[in-house]
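Colleague: Encoded as structure tokens, here's the structure I'll be asking about.
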Amino acid sequence: MLNPAIGKLLEAYGSKYQLVLDVAHRARVIAATAEKNKISLDEKPVDLALNELAHSMGLM
């Protein structure tokens, strides 16, 4: 099961398309920053982006 639950994110966000765009953009920024700073990520950038979004929306 995804944490945060994708259903709750979709309910709170409204648009599946915009959710995907925002998560993908943030994941690219996270990956680029980690590569630039030579940091090894323990989680995938998409997982980190989803968790950040959920936190910012108060879902976690």
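The values are calculated or read from the model by the stated rules, or taken from the named source; none is laboratory data. Not measured: the values here are computed from a predicted model. So basically every Cβ, Gly included, is an ideal-geometry build from the backbone, and we count neighbours across all protein chains shown. These area figures cover heavy atoms from the full protein model, side chains too; ligands, DNA and RNA do not enter into them. Shrake-Rupley method; radii C 1.70, N 1.55, O 1.52, S 1.80 Å.
Colleague: For segment 4-18, state whether one or more residues are exposed (fewer than 12 other Cβ atoms within 10 Å of the Cβ), assigned to a helix (DSSP H, G or I), over 9 Å from the mean Cα position of the chain (by Cα) and among the hydroxyl-bearing types (S, T, Y).
Modeller: Checking segment 4-18: at least one residue is exposed (fewer than 12 other Cβ atoms within 10 Å of the Cβ), assigned to a helix (DSSP H, G or I), over 9 Å from the mean Cα position of the chain (by Cα) and among the hydroxyl-bearing types (S, T, Y).
Colleague: M60 fails exactly one of the following numbered conditions: (1) touching a residue at least 40 places away in the same chain (Cβ under 8 Å); (2) open to solvent by 90 Å² or more (accessible area, probe 1.4 Å); (3) in a helix (DSSP H, G or I). What is the number of that condition?
Modeller: Here M60 meets the rest and fails (3).
Colleague: Still on this model: Looking only at segment 25-47, which residues are under 17 Å from I6 (Cβ atoms) and either in a loop (DSSP other than H, G, I, E, B) or open to solvent by 70 Å² or more (accessible area, probe 1.4 Å) (or both)?
Modeller: Within segment 25-47, R26, E43, K44, V46 meet the criteria.
Colleague: Next up: For K38, are the conditions met, namely being free of Cβ contacts under 8 Å to residues at least 24 places away in the same chain and touching a helix residue (DSSP H, G or I) at 6+ places or on another chain (Cβ under 9 Å)?
Modeller: Here the answer is no, as K38 does not meet what is asked.
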